[in-house]
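Have a look at the structure below, then the notes.
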Amino acid sequence: MRLKRSHFSKVVIALAVLILLAALPSAIRDTLETGRIYLFSPQFLEELPQRFIGPGRLRFIVQPLVAMVLGWRSGLNDAQTGRPAYLYGLIFGSENRGELLRSGLAAVRDLIAMGIVLDAVAQLLIYGQIHPGAALVIGPVLICLPYAISRALTNRVVVLMRQNPRK
């Protein structure tokens, strides 16, 4: 089972990297021709709502839900091992920061890669081209924020429930 998961992980990550690399020349050409970077342009903000109604809109529900479940699982593990709440540990816990970042990235690595791939495919279907910067932002944001918040809240709730058990 572990070997298959590792193989799947490598394939998804490689696919995300290949898509981004393939889209890079077009993005550079667009930047040179227009003098703007798509991700920081008014066009990006104008086209953003199309992502919610176009192909792939279900991912705006599924990806954050999966990330929240993974965050819940990691938050339970944090509470059981005595680690601080995830966001608190990332911001204030310098001795645990590296470990927390590694465990968070390991938990959502495949999901982030799939988010990048799905966003690139949706861009291709909606706009007829891929903007790699947008794929690098939209996909991971749908994953990382829900994961981090879910992980931190789960840890905090479990710790509080242990401190104040019902009688």
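Nothing in this text is a laboratory measurement; each read-out follows from the coordinates by a stated rule. Just so it is clear, the model here is predicted, and its values are computed rather than measured. Ideal geometry is used to build each Cβ from the backbone, glycine not excepted, and the neighbour counts take in all protein chains shown.
The residues GLU47, GLU33, when put in order of fewest to most other Cβ atoms within 10 Å, stand as GLU33, GLU47.
Residues ASP30, ASP78, ASP110 in ascending order of nearby Cβ atoms (within 10 Å, fewest first): ASP30, ASP110, ASP78. Once C-alpha pairs closer than 8 Å and six or more residues apart are averaged by separation and normalised to the residue number of the stretch 2-163, the relative contact order reads 36 percent.
Hey, what angle do you get for helix 97-127 against the long axis of the chain, alpha-carbon based, 0 to 90 degrees rounded to 10? Value to nearest ten degrees: 30. Of the residues TYR88, TYR147, TYR127, the one that moves most in a GNM of the chain with alpha-carbon contacts below 10 Å is TYR88.
Around the Cα centre of the stretch 2-163, unit charges on the Cβ atoms of Lys, Arg, Asp and Glu (plus for the first two, minus for the last two) sum to a dipole of about 680 debye.
Among PRO132, VAL121, LEU65, which residue has its Cα positioned farthest towards the positive end of the charge dipole of the chain, with +1 placed on the Cβ of Lys and Arg, -1 on the Cβ of Asp and Glu, and the dipole taken about the Cα centre? Result: LEU65, furthest along the dipole toward the positive end.
Sort THR31, THR81, THR154 so that the residue with the fewest other Cβ atoms within 10 Å of its own Cβ comes first and the one with the most comes last.
Arranged by neighbour count, lowest to highest, THR31, THR81, THR154 become THR81, THR31, THR154.
Legend: calculated FRET efficiency, ARG57 to GLU99, from the Cβ-Cβ distance at R0 = 45 Å, rounded to 0.05, equals 0.80. With respect to the chain, whose longest principal axis is taken over its alpha-carbon atoms, helix 42-53 is tilted by about 70°.
Compared with the dominant Cα axis of the chain, that is its longest principal axis, helix 132-163 is turned about 10°.
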